[in-house]
Amino acid sequence: MSRLSEQLSRGQFVVTAEIAPPKGTNLAPALAAVAKFEGITAVNVTDNQGANMRLSALALAAQLQKAGTETILQLTCRDRNRMALQSDLLGASAFGIENLLLLSGDHSKFGDHPDSRPVFDLDSVQLLDMTAGLMMGVDMVGKPLNGVPKFFPGAAVNPAAEPFELMFQKVAKKVDSGARFFQTQSIFDRNALERFMSAMKPLRVPVIAGVLLIRNARMARFLNENIPGVQVPDALIERFDRTADPLAEGLAIARETVVLARELCQGVHLMTLGHEGMIPAILE
Amino acid sequence: MIISKLKPLDELQQALAEFDKLFLVGCAACATACKSGGEEEIFKLQEWLVTLEKDVTGSVVIDEACHIMRAARDLRHHKNAVQSAEAVMVLACGSGVQSISSNVDKRVVGGLNSMFLGNVRRFGHYEEMCSLCGDCILNETAGICPVTTCAKGLLNGPCGGMKDGHCEVDADIECAWRLIYERLQGQQRHGVFARRVPPKNWSRRRQPGRYQLNKGS
């Protein structure tokens, strides 16, 4: 049983963070950044994040597991067909990886290989179904596995997405397909999170709220224009415009979100993008 | 119809560099309708080729260039003009080009890029609504195809990139899943939302496609 699943089942408030594999083979900076994480339950390892080609998430997650860090392996449907997804999941299990975040994936258009052919042979619901099958000892065509993987599968959600009912029917499907926890997109809006959490209540699946450390107004505007699913409200951007110390303002906003998550959710997922040293301050 | 458009002229000029005498072929079906390979475009092409000091030995607009036997027949009617050319230049979709290339010994230069199976919104405005996947789900999705009109071809609802009901890939495009959802709501039925849609059977879209009406497969 992974520490993440254990802590969530005990009702403990969990903290996850994330690390992106390097563009290249030099793992040292990523391993050093993770070593600086304090008070983290598990570390997400992103999978060609934003459709930018990087070292395999599975390879970095395996290294981290070996070094004693619990990981949440992110796996997207963008770059692999159903055979490759199954192979990678079995490989992940062989390396002791249990926690998964199973995603559709950002479209290739957003990244550094916009001419590539996006795969999307499966969607995130089908990927969850397939994972549930592997955990039962069968592959997608019903063939038995020699050695059955143990996983703790999670899924992603954007609680502020509109239309809400349309977004939420997919959340319900993900739960039916075996999602045991959710990690959310960055949260900026109390009302949207409250509405989402009250809809989640009957489903009884823990939600880990996404907290993004925004460094300045320029970054906020960049996120709004370029990162799917991230929408920083104008009121927050104005806070950055007014302040003399944008990083301190970003820290304050992140802390407010953590407080909100402690009230409504079962954990926080911290996206600090190079400012890992600020994690203790965000959690204070 | 198949939507096609003229290749960039510099690319064509390069492809034609080694030829001085050309026979031109257009198509009276899709390429005529979307103004890429009808009489008018063949005429314009001829004018352009003259500026490049090429000889045009003759031309024909075939009823349906994708009809292999009909293309053979029409080319036979222009046998001498075809024979005196060094290459045949074709303004038709990729299917049309291959009807021609399988019927003549000459080098064949395709002048168009084939883009998609398109619906006509109004004159000159084409939209892809069907991607010929061989495994149609339209009866459950209120007649809106997510395989084609969702940028990721998702089958169980919108991705996390949906922003105010629009697509993450192009903010001008409405999310296919929002449109499906709203139309189903209007029809007061759940349709595709009533079940988890299993992975698609891509074996129905075998490449290359083959189908014989009398055999039913």
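The values are calculated or read from the model by the stated rules, or taken from the named source; none is laboratory data. Given the structure is predicted, the values throughout are model-derived calculations rather than measurements. Please note: Cβ atoms are built from the backbone with ideal geometry, for glycine as well, and neighbour counts cover all protein chains shown.
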* Structure fact -> Residues of region A:208-231 being within 14 Å of chain B (Cβ to nearest Cβ) and modelled with pLDDT of 95 or more, in sequence order, are A:Gly210
* Structure fact -> Condition set facing chain A (nearest Cβ under 10 Å) and basic (Lys, Arg), scope region B:163-188, selection nearest to the chain's Cα centre (by Cα): answer is B:Arg178
* Out of B:Ser203, B:Ser217, sole residue that is surrounded by fewer than 17 Cβ atoms within 10 Å (Cβ to Cβ), more than 9 Å from every other protein chain (Cβ to nearest Cβ) and part of a helix (DSSP H, G or I) -> B:Ser203
* **A:Leu85 being away from chain B (no Cβ under 11 Å) and closer than 23 Å to A:Ala42 by Cβ** => no
* Candidates A:Ala32, A:Ala42, A:Ala57, A:Ala92, filtered to the one that is at pLDDT below 95 and away from chain B (no Cβ under 14 Å) -> A:Ala32
* To do: Give the residue, chosen from B:Gly153, B:Gly191, that is within 12 Å of another protein chain (Cβ to nearest Cβ), surrounded by 13 or more Cβ atoms within 10 Å (Cβ to Cβ) and more than 27 Å from A:Lys109 (Cβ to Cβ).
  => B:Gly191
* **Only one of A:Ser87, A:Ser108 that is without any contact (Cβ under 8 Å) to a residue 40 or more places away in the chain and farther than 30 Å from A:Ile282 by Cα** => A:Ser87
* Structure fact -> Subset of region B:20-42, residues over 15 Å from the mean Cα position of the chain (by Cα) and surrounded by fewer than 19 Cβ atoms within 10 Å (Cβ to Cβ), comes to B:Asp20, B:Lys21, B:Glu39, B:Glu40
* Which helices (runs of 4 or more DSSP H) does region A:164-273 wholly contain that include 1 or more residues that are over 24 Å from B:Lys163 (Cβ atoms)? -> A:164-176, A:234-242, A:246-264
* Asked: Restricted to region B:43-57, and to residues that are of a type in the set (Asp, Glu) and outside any loop (DSSP other than H, G, I, E, B), which residue is surrounded by the most Cβ atoms within 10 Å (Cβ to Cβ)?
  -> B:Asp55
* Asked: What is the one condition in (1) under 22 Å from A:Val119 (Cα atoms); (2) within 13 Å of another protein chain (Cβ to nearest Cβ); (3) surrounded by 15 or more Cβ atoms within 10 Å (Cβ to Cβ) that B:Pro198 does not satisfy?
  -> (3)
